[in-house]
1. List B:Arg34, B:Arg159, B:Arg85 from most exposed to least, where exposure is judged by having the fewest other Cβ atoms within 10 Å.
2. Taking only C-alpha pairs under 8 Å that are 6+ residues apart, what is the relative contact order of chain B in percent?
3. Within the set A:Lys111/B:Lys122; A:Lys70/B:Lys72; B:Lys227/B:Lys248; A:Lys40/B:Lys72; B:Lys135/B:Lys248, which residue pairs have Cα atoms separated by over 28 Å?
4. Any idea how far apart B:Ala258 and B:Glu120 come out in nm if each label point goes 7 Å out from Cα toward Cβ?
5. Mind checking the mean number of beta-carbon atoms from other chains within 10 Å of the Cβ atoms in A:113-125?
6. Would you pull out the residues with amide H under 5 Å of B:Asn249's amide H, same chain only if 5 or more places away, H placed 1.01 Å from N?
7. Per-residue mean of other chain beta-carbon atoms within 10 angstrom of the beta-carbon, peptide B:118-127?
8. Could you list B:Leu128, B:Leu218 so that the one with the fewest beta carbons within 10 Å of its beta carbon is first and the one with the most is last?
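Laboratory data are not the source of any read-out in this text; all were calculated from the coordinates shown. Remember, it's a predicted structure, so these values are computed and weren't measured experimentally. Using ideal geometry, Cβ is built from the backbone for each residue, glycine included, and neighbour counts are taken over all protein chains shown.
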Amino acid sequence: MNSPTPCSQRPRSWSLILMSASPLLLLAACASAPAELNQKIAVAEASVAHASNASTQESAALELQIAVNKLDSARQAMTNRDYERAQMLAEEAEVDAQVAELHAQSVRSRKAAEESRAAAQALRNEIDRRPLR
Amino acid sequence: MTIRTPMLATLAVALSACTIVPERNLALEQAQDRYAIARQDNEVQTLASDELRRAGDSLLIAQQANSNRQPKATVDHLAYLSNQRILIAQETAASRAAQAVTAAASSEREKTQQDQRIQEAKGANERLARSQAGKRQSDARVEELEMQLRELNARQTPRGLVVTLGDVLFDSGHAQLLPGSVGNLSSLAEVFKRHPQLVAAIEGHADNSGDAGSNVLLSRQRAEAVKTALVSLGVEPSRLQIQAYGEKNPVASNATEAGRQLNRRVEIVFAYPRNGRPAR
């Protein structure tokens with residue numbers, strides 16, 4: 001009740017220790033895999049995540065699956081310290097995901113174009129049939 | 001020494017061959033072919049120029065790797081990336097082309113709808129203007145008619161406007177129109193001509209002198225005389241209807257000569273609604 005000072009001080013000193021230790025921990029992690037590879041994996045993950053939407057799953061499921069599998073393989077290769085292979089797989093996963101997403105998008109756009117063209121034609125036909133009063 | 005020289009020569013030949021003709025790589029050749037196709041595609045060139053450039057850059061890296069005799073796995077990988085980048089450019093272009101079609105179609109649809117709305121509004125305005133003009137015209141004609149009939153001393157009655165032709169037009173007991181009455185009748189005929197839809201009833205009346213039957217006959221003959229005169233002045237006979245009332249509808253007392261004179265008359269009744277076209 002009347003001793004808030006010792007309680008608040010203790011975590012502060014812990015956090016100080018953690019803060020000074022975290023760069024060391026990060027350095028230790030970086031030592032196991034090249035920084036460039038970590039970045040490539042992150043980019044591939046973002047690309048796959050971006051592509052993983054309902055439209056891509058519907059129109060480009062196979063392409064998306066290839067990208068997901070390659071990302072998994074890249075992570076596996078990194079664990080196995082095969083960094084060169086991990087980087088290649090990450091790079092391929094990134095473009096594979098983009099291909100999947102863009103393919104789905106072009107399918108969707110073509111469908112929309114077809115529908116709006118049909119709608120415009122239908123309206124024109126309707127007006128042509130309607131007599132001018 | 002004799003052995004070493006040919007060995008060196010063959011090594012040099014092998015090296016030179018390798019620098020001139022890099023090893024063939026199927027994936028790379030495929031990427032080169034596909035890139036050539038994409039570059040010739042006008043849609044890809046205009047709608048996905050950035051993506052096409054990136055594909056070209058990645059193809060160049062793959063070609064350099066092959067020229068530099070990098071391991072096959074590396075060249076395969078770089079060629080794969082080029083192939084995918086070419087696909088990305090093509091899909092992007094296809095998408096954008098389709099989106100342009102959608103935009104054009106929907107703006108065309110909007111324009112069609114707008115044109116249609118404009119046409120409809122124009123039509124409605126024209127119809128309104130026509131009906132207003134028509135109403136103004138018919139109002140004007142009604143007013144003009146009233147004015148002209150007023151000049152002929154027409155009275156407003158529940159049956160319509162009534163013009164009375166007094167017995168001064170006729171000799172007593174006769175149905176022959178006197179010559180001086182023509183001027184009065186010709187202004188009546190003019191009213192009929194100016195208002196082609198106007199119709200009228202010509203009603204003959206008599207005083208009570210003589211027997212009722214001959215008074216009916218006399219009133220009919222007088223009404224007919226007026227009709228004949230109007231027809232000869234150009235009014236269609238179908239627009240004039242004859243009614244003979246004899247002595248039934250006096251407007252004054254028959255006890256005096258002045259009253260009897262008022263009762264001997266022909267009335268022209270123009271029936272028409274107050275704010276519309278004259279009735280048929």
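1. B:Arg159, B:Arg34, B:Arg85
2. With pairs under 8 Å counted, the relative contact order is 16 percent.
3. The pairs that break the limit, which is 28 Å between Cα atoms, are A:Lys111/B:Lys122; B:Lys135/B:Lys248.
4. Each label point lies 7 Å from its Cα, and together they span 7.1 nm.
5. Mean partner shielding for this stretch: 5.
6. B:Ala206
7. 1
8. B:Leu128, B:Leu218
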